[in-house]
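Engineer: Below: one structure in structure tokens.
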Amino acid sequence: MDTGRPEDRLALIELIDRDGRVRRTLDVHAWPVSLGRALDNTLVLDDPHVAPHHATLAPDADGLLQLQVGASRNGVQVGPRRLPAGTQAPLAEASALLQLGGQRLRVRLAGAPVAPELPLARPVAVGRALWAMLAAWVLVQAGHRWLRLDPGADFVEWLPWLLGLPTGLALWCGLWALGSKLFRHGFDFASHAAIALAWLLVWEVLDAVLPLAAAAAGWPLPWLAWRQWGLALITTLLLRAHLRQVLPQHPRAINLGLGLLLVAGIGVNGMLNLRHLGRVFNEPYMSALPPPALRLGGTVPVPALATTCRPCTRRCSSAPARRCCATATRTSRADQQRHAALQPFGFAQGADRPRCTARAMPRRMCSSSAVGWARLINCCSRGISRLGAAGSRKPIASSTCCQWSSAPATAAPSAGSVAAVRG
């Protein structure tokens with residue numbers, strides 16, 4: 001770096017690194033300034049793609065700075081223009097970017113405007129706050145694991161969780177810290193750990209609160225959208241936070257790129273569901289409802305439910321639907337024994353549930369956010385099982401379910417009927 005009095009500085013030439021940082025500067029106190037690999041140049045550039053005397057900067061008779069390209073094979077890139085050897089062009093801008101081989105230069109003339117100060121990328125949490133976030137996340141994950149394990153489970157069943165989750169989190173934050181080391185010259189592991197823990201806790205809170213709030217208020221749309229696209233949304237926001245910590249000088253590009261990816265993913269997912277399921281969302285209703293005491297919205301009387309479900313009843317009672325559901329419920333004796341062993345209460349579950357594959361079956365179903373009996377209408381698209389009087393399990397065609405749903409509205413279903421059918 002050259003030194004001199006600031007009032008004698010005519011211009012400043014900056015050598016810019018690949019991450020946008022200034023690697024080297026040259027104070028210009030007199031013209032002309034020569035650029036190249038030869039040692040007799042004013043600014044020596046150590047690059048094999050730069051000619052010995054690549055270019056020269058000097059003002060013309062009117063005082064306008066001119067760029068003269070020397071005997072160069074690669075020429076000089078000035079903004080979007082490429083100047084071949086032997087050409088001359090004025091540098092009209094007060095701060096011009098030049099590309100000589102693999103080197104980027106910025107020529108700043110006296111009086112050139114200075115870019116505003118950028119905000120410094122600061123960690124989300126440090127010290128005690130970071131450790132508190134880590135402890136909260138570990139407690140939440142331990143609670144999930146404890147609920148999934150059987151009572152009295154061995155310590156060996158905890159080992160995958162004890163080793164897998166901390167290792168995965170450390171590797172994730174370590175990779176982003178390597179990105180910070182590459183682009184910002186600092187191994188910022190704590191900042192990326194705070195970002196990951198913050199968004200993981202946000203996911204846990206929303207995943208616990210949104211279903212309860214949607215069921216209590218009788219608004220199924222927020223829960224359906226969260227159930228289907230919540231993970232994609234949180235992942236996008238997590239990646240955005242990491243990328244803005246690594247590349248703070250490109251916030252608009254990061255927001256635009258991730259936003260387009262998220263919108264495209266949601267659109268493709270919705271189109272595929274419409275094509276295969278006849279609806280936008282995968283799940284038509286909740287598999288579990290909160291206690292009735294938490295419900296804030298009103299209830300729907302049984303006559304209103306029967307009126308709402310009458311079109312579904314007609315479709316479910318049609319001949320193609322009966323044939324389709326009869327095909328879906330023909331399971332082998334081995335399948336029945338496996339179902340009974342897996343589900344003592346007689347509920348079919350997961351991949352073992354027989355599904356209807358005929359195209360003639362109507363796929364659209366009625367749903368009601370107020371009363372859980374609307375899930376019975378879904379019997380047209382999956383096999384139904386029930387418990388017999390002695391606790392035995394036998395498959396029934398969905399027409400039985402449809403006949404029940406078309407019963408008089410004044411006769412509410414008994415507790416045994418509702419418990420015997422899984423939506």
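Engineer: Within the group LEU83, LEU149, which residue is more than 29 Å from PRO248 (Cα to Cα) and at pLDDT 85 or above?
Structural biologist: The conditions single out LEU83.
Engineer: Just wondering, is there one or more residues in the stretch 42-51 that are assigned to a strand (DSSP E or B), touching a residue at least 24 places away in the same chain (Cβ under 8 Å) and within 50 Å of the chain's Cα centre (by Cα)?
Structural biologist: yes
Engineer: Which residue is nearest to the chain's Cα centre (by Cα), if the candidates are limited to the stretch 19-41 and must be under 13 Å from ARG106 (Cα atoms) and of a type in the set (Lys, Arg)? Walk me through how you get there before you give the answer.
Structural biologist: Going through the stretch 19-41, the residues under 13 Å from ARG106 (Cα atoms) turn out to be 20-28, 35.
Now drop any that are not of a type in the set (Lys, Arg), which leaves 21, 23-24.
Numbers: ARG21: 30, ARG23: 35, ARG24: 39 Å.
If we take residues in the stretch 19-41 being under 13 Å from ARG106 (Cα atoms) and of a type in the set (Lys, Arg), then ARG21 is nearest to the chain's Cα centre (by Cα).
Engineer: Taking the stated definitions as given, is PRO284 at pLDDT below 85, surrounded by 13 or more Cβ atoms within 10 Å (Cβ to Cβ) and not assigned by TED's automatic domain parsing to the domain that holds PHE183?
Structural biologist: yes
Engineer: Out of the residues in the stretch 137-181 that are touching a residue at least 60 places away in the same chain (Cβ under 8 Å) and out of contact with any Leu (no Cβ under 6 Å at 6 or more places or on another chain), state the one that is farthest from ASP17 (Cα to Cα).
Structural biologist: The qualifying residue farthest from ASP17 (Cα to Cα) is VAL140.
Engineer: If I filter the stretch 29-64 down to residues being at pLDDT below 90 and of a type in the set (A, V, I, L, M), which single residue comes out as surrounded by the fewest Cβ atoms within 10 Å (Cβ to Cβ)?
Structural biologist: Ranking the candidates gives ALA61 first.
Engineer: Would you check if ALA115 is exposed (fewer than 12 other Cβ atoms within 10 Å of the Cβ) and either modelled with pLDDT of 90 or more or not assigned by TED's automatic domain parsing to the domain that holds HIS242 (or both)?
Structural biologist: Considered against the rule, which asks whether it is exposed (fewer than 12 other Cβ atoms within 10 Å of the Cβ) and either modelled with pLDDT of 90 or more or not assigned by TED's automatic domain parsing to the domain that holds HIS242 (or both), ALA115 comes out as yes.
Engineer: Now for a different question. Looking at the structure I just gave you, is LEU10 loosely packed, with under 15 Cβ neighbours inside 10 Å and under 50 Å from the mean Cα position of the chain (by Cα)?
Structural biologist: Values: loosely packed, with under 15 Cβ neighbours inside 10 Å: yes; under 50 Å from the mean Cα position of the chain (by Cα): yes.
Here the answer is yes, as LEU10 does meet what is asked.
Engineer: Taking only pairs six or more apart or across chains, which ones have beta-carbon atoms under 6 Å, a first residue in the stretch 204-226 that is within 19 Å of LEU238 (Cα to Cα), and a second residue that is modelled with pLDDT of 85 or more?
Structural biologist: Here the result reads GLU204/VAL140; TRP226/LEU210, each pair linking the stretch 204-226 to a residue that is modelled with pLDDT of 85 or more.
Engineer: Output the qualifying pairs, or none if there are none: Cβ atoms under 9 angstrom, residues six or more apart or on different chains, first residue in the stretch 250-270 and in contact (Cβ under 8 Å) with a residue 24 or more places away in the chain, second residue part of a helix (DSSP H, G or I) and of a type in the set (Phe, Trp, Tyr).
Structural biologist: Short answer, once both residue conditions are applied: LEU262/TRP229; GLY265/TRP229; ILE266/TRP229; ASN269/TRP229.
Engineer: Go through (1) farther than 30 Å from LEU296 by Cα; (2) of a type in the set (D, E, K, R); (3) modelled with pLDDT of 90 or more one by one and return the number of the condition GLU204 breaks.
Structural biologist: With (1) farther than 30 Å from LEU296 by Cα; (2) of a type in the set (D, E, K, R); (3) modelled with pLDDT of 90 or more applied to GLU204, the lone miss is (1).
Engineer: Does the stretch 214-230 include one or more residues that are within 30 Å of GLY20 (Cα to Cα) and at pLDDT 90 or above?
Structural biologist: Looking through the stretch 214-230, none of the residues is within 30 Å of GLY20 (Cα to Cα) and at pLDDT 90 or above.
Engineer: Can you pull out every residue in the stretch 80-96 that is under 16 Å from VAL50 (Cα atoms) and in a strand (DSSP E or B)? Don't jump to the end; show me each part of the working.
Structural biologist: Narrowing the stretch 80-96 to residues under 16 Å from VAL50 (Cα atoms): 82-86.
Passing the criteria: ARG82, LEU83.
The values are calculated or read from the model by the stated rules, or taken from the named source; none is laboratory data. These figures come from a predicted structure and were not determined experimentally. With ideal geometry, Cβ positions are generated from the backbone for all residues, glycine too; neighbour counts draw on all protein chains shown.
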